1. Of everything in the range 65-90 that's in contact (Cβ under 8 Å) with a residue 24 or more places away in the chain and under 19 Å from Gln3 (Cα atoms), which residue is most open to solvent (accessible area, probe 1.4 Å)?
2. Out of all the residues in the range 22-39, which are without any contact (Cβ under 8 Å) to a residue 60 or more places away in the chain and in contact with a helix residue (DSSP H, G or I) (Cβ under 9 Å, 6 or more places away or on another chain)?
3. What residue, of Phe29, Phe62, is open to solvent by 70 Å² or more (accessible area, probe 1.4 Å), among the hydrophobic types (A, V, I, L, M, F, W, C), part of a loop (DSSP other than H, G, I, E, B) and touching a strand residue (DSSP E or B) at 6+ places or on another chain (Cβ under 8 Å)?
4. Pick from the range 74-115 the residues that are small (Gly, Ala, Ser) and either part of a strand (DSSP E or B) or touching a Cys at 6+ places or on another chain (Cβ under 7 Å) (or both): which of them is nearest to Met34 (Cα to Cα)?
5. Which is open to solvent by 70 Å² or more (accessible area, probe 1.4 Å), modelled with pLDDT under 95 and assigned to a loop (DSSP other than H, G, I, E, B), of Gly54, Gly42?
6. Exactly one of (1) in contact (Cβ under 8 Å) with a residue 12 or more places away in the chain; (2) out of contact with any helix residue (DSSP H, G or I) (no Cβ under 9 Å at 6 or more places or on another chain); (3) open to solvent by 30 Å² or more (accessible area, probe 1.4 Å); (4) more than 13 Å from Asn76 (Cβ to Cβ) is unmet by Pro14. Its number?
7. Output the residues belonging to the range 17-26 that are more than 17 Å from Thr68 (Cβ to Cβ) and either in contact with a strand residue (DSSP E or B) (Cβ under 7 Å, 6 or more places away or on another chain) or surrounded by 14 or more Cβ atoms within 10 Å (Cβ to Cβ) (or both).
8. How many of the residues in the range 89-106 are over 16 Å from Arg50 (Cβ atoms) and at pLDDT below 95?
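The values are calculated or read from the model by the stated rules, or taken from the named source; none is laboratory data. These numbers come from a predicted model, not from an experiment. Every residue, glycine as well, gets a Cβ built from its backbone with ideal geometry; the counts of neighbours run over all protein chains shown. For the accessible areas, the whole protein counts, side chains as well, though only heavy atoms, and no ligand, DNA or RNA atoms are used. Shrake-Rupley method; radii C 1.70, N 1.55, O 1.52, S 1.80 Å.
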Amino acid sequence: QVQLVESGGGLVQPGGSLRLSCTASRSIFSIYAMAWYRQIPGKERELVARISGGSITTYDGFVKGRFTISTDNAKNTVYLQMNSLKPEDTAVYHCEVQAVAGRYWGQGTQVTVSS
């Protein structure tokens, strides 16, 4: 069973930056896409950024221009670089991998943007 482990979350001031990482416990065969979602208590999980075909990226309108998703296939890792963070970005961030074998989720990492 593949496990996804996120890291890099924490407390940051408005305007600051964080880089989230999500590493798979082993190589995943035939990945369709990798993505980051976020969830605020009481609300549904929402897509933040997605990368497919190795380089095709899509972003939620609220983060476009501030966040960047990227991958390092050699390290089985997907990243989310978050710049110009706002209090509204506070949430638990989860990574997701869609592959031939199924859909995998990480347990999440907390991001808190506050002064």
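1. Here the answer is Lys75.
2. We begin by selecting, within the range 22-39, every residue without any contact (Cβ under 8 Å) to a residue 60 or more places away in the chain; these are 23, 25-27, 37.
Thr23, Ser27 - these are the residues of the range 22-39 that are without any contact (Cβ under 8 Å) to a residue 60 or more places away in the chain and in contact with a helix residue (DSSP H, G or I) (Cβ under 9 Å, 6 or more places away or on another chain).
3. Working: Phe62 fails: touching a strand residue (DSSP E or B) at 6+ places or on another chain (Cβ under 8 Å).
Sole residue among the options that is open to solvent by 70 Å² or more (accessible area, probe 1.4 Å), among the hydrophobic types (A, V, I, L, M, F, W, C), part of a loop (DSSP other than H, G, I, E, B) and touching a strand residue (DSSP E or B) at 6+ places or on another chain (Cβ under 8 Å): Phe29.
4. Of the residues in the range 74-115, the ones small (Gly, Ala, Ser) are 74, 84, 91, 99, 101-102, 106, 108, 114-115.
Then keep just the ones that are either part of a strand (DSSP E or B) or touching a Cys at 6+ places or on another chain (Cβ under 7 Å) (or both); that gives 91, 99, 102, 106.
Numbers: Ala91: 19, Ala99: 9, Gly102: 12, Gly106: 11 Å.
So, considering only residues that are small (Gly, Ala, Ser) and either part of a strand (DSSP E or B) or touching a Cys at 6+ places or on another chain (Cβ under 7 Å) (or both), the one nearest to Met34 (Cα to Cα) is Ala99.
5. Details: Gly54 fails: open to solvent by 70 Å² or more (accessible area, probe 1.4 Å).
That would be Gly42, the only listed residue that is open to solvent by 70 Å² or more (accessible area, probe 1.4 Å), modelled with pLDDT under 95 and assigned to a loop (DSSP other than H, G, I, E, B).
6. Pro14 satisfies all of (1) in contact (Cβ under 8 Å) with a residue 12 or more places away in the chain; (2) out of contact with any helix residue (DSSP H, G or I) (no Cβ under 9 Å at 6 or more places or on another chain); (3) open to solvent by 30 Å² or more (accessible area, probe 1.4 Å); (4) more than 13 Å from Asn76 (Cβ to Cβ) except (2).
7. Looking only at the range 17-26, we keep the residues that are more than 17 Å from Thr68 (Cβ to Cβ), and these are 23-26.
Of everything in the range 17-26, those that are more than 17 Å from Thr68 (Cβ to Cβ) and either in contact with a strand residue (DSSP E or B) (Cβ under 7 Å, 6 or more places away or on another chain) or surrounded by 14 or more Cβ atoms within 10 Å (Cβ to Cβ) (or both) turn out to be Thr23, Ala24.
8. At the first step, the residues of the range 89-106 found to be over 16 Å from Arg50 (Cβ atoms) are 89-92, 100-102.
Among the residues that remain, those that are also at pLDDT below 95 are: 100-102.
Here the count works out to 3.
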